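Worksheet for the structure shown next.
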Amino acid sequence: MTASLIAQHPPVTQTAQGLRDLLGPPTGYFDYDENLAYVVGPTSIASKNAQGYLLVFMVDKASGKITSARFEPPVN
């Protein structure tokens, strides 16, 4: 599901507001308030950030544009 999302809506072509409109309010937190984080995947994955993986969209604070996306913890 996340692969399909990223393929259809490449993160670096999005803005933070555009992703909020698409996905709704963030369901997790990662490093700074401007980064968007969504809890995804099985709850059997535990990290310091969530019960499950976080799909994190790093946001440039000045422009509001997405600069990258990643999973926390990293998916092997």
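The values are calculated or read from the model by the stated rules, or taken from the named source; none is laboratory data. A quick note: this is a predicted structure, and the numbers were derived from the prediction, not measured. Because the Cβ atoms are built from the backbone with ideal geometry, glycine has one as well, and the counts that use them run over all protein chains shown. Heavy atoms of the whole protein, side chains included, go into the accessibility calculation; ligands, DNA and RNA do not. Shrake-Rupley method; radii C 1.70, N 1.55, O 1.52, S 1.80 Å.
When the dipole is taken about the Cα centre of the chain, and only Lys, Arg (+1) and Asp, Glu (-1) are charged at their Cβ, what size is it in debye, to the nearest 20? Working shown, then result.
Details: 5 positive and 6 negative charges, 19 e Å.
Around 100 debye, computed over the chain.
Quick one: with all protein chains in place, what share of the accessible area of the chain is carbon or sulfur, to the nearest percent (1.4 Å probe)?
Within the chain, the accessible surface is 56 percent carbon and sulfur.
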| remark: For the chain, dividing by residue count, accessible area per residue (probe 1.4 Å) in Å² works out to 63
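Starting from the Cα gyration tensor of the range 1-47, take the square roots of the eigenvalues, sort them a ≥ b ≥ c, and report rounded, prolate or oblate (rounded when a/c is under 1.5, otherwise prolate if a/b is larger than b/c, else oblate). Before the final figure, lay out the partial values.
Working: a/c = 2.12, a/b = 1.23, b/c = 1.72.
Oblate, because a/c is 1.5 or more while a/b does not exceed b/c.
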